[in-house]
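Notes for the one structure printed next.
What follows is calculated from the coordinates using simple rules that are stated; it is not laboratory data. Everything numeric here is computed off the predicted structure, so don't read it as measured data. Heads up, the Cβs are rebuilt from the backbone with ideal geometry, glycines too, and the neighbour counts pull from every protein chain shown.
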Amino acid sequence: HNLFKENIHMKIIDLLHQRPTLSFEIFPPKKHDGDISSIYSTIDELSKLKPDFISVTYGAGGSTTENTVEIASKIKNEYGIEAVAHLSCIDATPEQLIRIIDSLKANNIENILALRGDYPKGYDPINAPHYYKYASELNEFISKNYPDTFCLSGACYPEVHQDAVSLEKDLQALKKKVDAGAKYLITQIFFDNNYYYRLVREARIRGINVPIIAGIMPATNSKSLLNIAKLSGCNIPYNLSASIERFKNNPQAMKEVGMNYATNQIIDLITNGVDGIHLYTMNKPEIVHEILKRTNNILAEFKND
Ligand code: FAD
């Protein structure tokens, strides 16, 4: 596939200043899957949908860390699609960070989602030695060592991050992250749009004025959905959980449940002026295709907003 376009230079925030964005998230294949080439057929399919950017996770859910740069580089340099590389700092040393950020820079990648990261298995957050405790410190580290090089972004939590004692405290931390350099935010998954609207409202009141992109996950597999909801602490509204209960043993029916649910969330978010939609693709382009097919005209208007 030679989809190489001219090498675009684009910081995501410049795009967000022009119009809302549609983007996808993928993860590097897990270690035991060996070969990472399987991800390229996923990117082939996703690229046909012309997203504004594709983001690549970093060490999340047991996947490898070393492939993030390689995959993000392919997206940017071979497919001509803007890439956002996730990067986490919780168990990193400054030297490790420099090594990765240098290679992002060398590969022309201009956008980093700067995260604290999930705690590694068995990690003791109180006693384990660490250089960095919060994502805002990673933002500061990158801004200081690579001035004006990257467009940084951060994660935010419509239903409050699990370690935070209150919405208020979580928003204070979010303000620090934005002040430390995060130019836009992407939300954790949510299935009740009211949490997203609350986050935006409360953030704006506290002077957090950067774009807040909504992260949407099509809940097409009942087992992984329940697992992810548990891990991320997000609520499953009654109408969705009732459908899961009813159709959990019928994978095809569950796919329809998840796709239709995500489609309705997206329509409602666009109706209400969302800054961007970020689809957690779970590396399943066929589901993304279906959702976009159902929202073709809506998305065309959205992209012109
Ligand atoms: P932080 O912003 O540091 O917040 C963590 C907690 O600390 C919060 O409770 C916050 O309120 C509190 N806090 C922050 N700053 C302060 C402060 N200065 N003082 C006191 N309290 C503070 N994980 C991965 O490992 N790899 C990935 O690729 C990945 N991608 C993600 C993408 C998105 C869009 C999202 C929403 C999450 C992603 N995660 C990923 C998960 C993320 O790493 C976890 O949710 C992690 O627990 C928190 O990361 P954070 O960057 O939001 O942390």
Would you compute, from DSSP H runs of 4+ residues alone, the mean residue ellipticity of the chain at 222 nm, taking -39500 (n - 2.57) per run and dividing by the full residue count, rounded to the nearest 500?
-14000 deg cm²/dmol
Lysines within cross-link reach of Lys293: Cα-Cα under 21 Å, excluding same-chain residues under 8 positions apart?
Lys48, Lys50, Lys255, Lys284, Lys303
As a test, work out the antiparallel percent of DSSP beta bridges whose residues both lie in the chain, rounded to the nearest 5.
5
Note the full-extension length gain between Met10 and Glu45 as 0.36 nm times their separation in residues minus their Cα-Cα distance, in nm to one decimal.
10.4 nm
Along the charge dipole of the chain, Cβ charges K/R +1 and D/E -1, which of Tyr196, Ile112, Cys89 sits furthest on the positive end?
Tyr196
Peptide ranges 274-281, 219-226, 119-126 listed from the most packed, as the mean C-beta count within 10 angstrom indicates:
274-281, 219-226, 119-126
FRET efficiency (Asn304, Asn250; Cβ distance; R0 35 Å; to 0.05) is 0.35
Relative exposure of Ser241, Ser73, judged by other C-beta atoms within 10 Å (fewest first):
Ser241, Ser73
Could you give the length gained by full extension between Arg201 and Gln96, i.e. 0.36 nm per residue of separation minus their alpha carbon distance, to one decimal place?
34.1 nm
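How big is D for the stretch 153-305, in µm² s⁻¹ as a whole number, if Stokes-Einstein is applied with the Kirkwood radius of its Cα pairs at 20 °C and 1.002 mPa s?
Roughly 132 µm²/s, to the nearest whole number.
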Just in the stretch 141-222: which trypsin sites (Lys or Arg not before Pro) are loop by DSSP and have at most 16 other Cβ atoms within 10 Å?
Arg206
If each residue of separation counts as 0.36 nm, what is the full-extension length gain between Asn227 and Asp124 once their alpha-carbon separation is subtracted?
34.9 nm
Where Rh is the Kirkwood radius over Cα pairs, Rg/Rh for the chain
0.94
Hey, could you grab the Kirkwood Rh for the stretch 41-185? Inverse mean 1/r over distinct alpha carbon pairs, Å, one decimal.
16.0
Ignoring GluC sites (Glu not before Pro) buried by more than 16 other Cβ within 10 Å or outside DSSP loops, the longest site-free run in the chain is 79-305
Dipole moment magnitude, nearest 20 debye, the chain about Cα centre, only Lys, Arg, Asp, Glu C-beta charged:
400
Would you work out the relative contact order for the chain, in percent, from Cα pairs under 8 angstrom that are 6 or more residues apart?
19
